[in-house]
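Written out below as structure tokens is the structure these notes cover.
The values are calculated or read from the model by the stated rules, or taken from the named source; none is laboratory data. In this text, all values refer to a predicted model and were calculated from it rather than measured experimentally. Here the Cβ is made from the backbone with ideal geometry for all residues, glycine too, and neighbour counts use every protein chain on show.
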Amino acid sequence: MRKQLLKIYHLMLERYGPQHWWPGETPFEVMVGAILTQSAAWVNVEKAINNLKTAGALSPAAIRRLPQDELAHLIHSSGYFNAKARKLKAMVEWLGVNFADDPDHMYAWDTNELRESLLAVHGIGEETADSIILYAANKPIFVIDAYTRRILERLGTCPLPRTSIEKHGHSYATFQSLFMDNLPLDTSMFNEYHALFVRHGKETCRKAPLCPQCCLRSICPYPGAQGIHNDG
């Protein structure tokens with residue numbers, strides 16, 4: 001499994017090159033982006049973050065002071081703006097109580113302890129928590145998203161036996177353990193690998209996959225890998 005995961009990684013890296021991801025100038029901006037990108041295209045998240053910057057509101061203290069309706073207005077472009085305003089309020093409250101508004105202090109916490117604490121915050125699920133841990137706290141944890149699931153399922157790289165998958169489905173934890181149990185706990189590699197999955201999922205392994213141009217075609221059993229070019 002280790003060899004297979006490394007093969008996937010190197011084939012994507014050879015095709016796309018280093019991604020230098022996640023977008024964000026500061027750890028706190030990364031944290032805000034992790035909330036806003038829920039069910040949203042990144043281009044719309046960027047608009048919301050720029051609105052916060054222009055309003056002088058891209059800091060924990062500023063978001064804490066800002067009335068919720070004003071915050072929702074500033075992040076309107078990211079969608080679900082009222083719900084996300086509440087989530088941002090909850091996140092900055094957590095950051096203030098635990099780290100005096102300084103995300104750099106998160107690094108001192110044990111990864112599991114930090115993850116458990118984040119998951120207790122309103123509006124933060126596993127993918128959001130792990131994005132914050134990897135990209136803001138700079139700690140090695142693998143982020144699982146829809147692109148990663150789609151690509152691994154088409155490759156037939158399954159963390160559970162097929163009978164178990166049919167009965168229970170693939171949980172976030174089973175996908176994540178595939179990487180955490182078989183690869184070195186390397187923050188830089190996990191960062192790059194996740195970014196490459198996102199790039200590949202957006203450009204090639206889409207819902208209607210562009211199999212003939214896929215850099216993973218040689219190791220992919222998905223029926224379309226030998227099929228006709230799909231537009232979608």
Would you list the helices (runs of 4 or more DSSP H) that sit entirely within the range 1-80 and hold 3 or more residues that are within 30 Å of Leu178 (Cα to Cα) and touching a residue at least 24 places away in the same chain (Cβ under 8 Å)? 2-16, 27-36
Looking at Ala55, Ala41, Ala48, Ala62, which one is more than 20 Å from Glu192 (Cβ to Cβ), modelled with pLDDT under 95 and not assigned by TED's automatic domain parsing to the domain that holds Gly201? Ala41
Go through (1) part of a helix (DSSP H, G or I); (2) crowded, with 17+ Cβ neighbours inside 10 Å and name the single condition Tyr107 misses. (2)
Yes or no: Glu126 among the acidic types (Asp, Glu), modelled with pLDDT of 95 or more and in contact with a Phe, Trp or Tyr (Cβ under 8 Å, 6 or more places away or on another chain)? yes
For the range 108-132, enumerate the residues that are within 14 Å of the chain's Cα centre (by Cα) and of a type in the set (A, V, I, L, M, F, W, C). Ile124, Ala129, Ile132
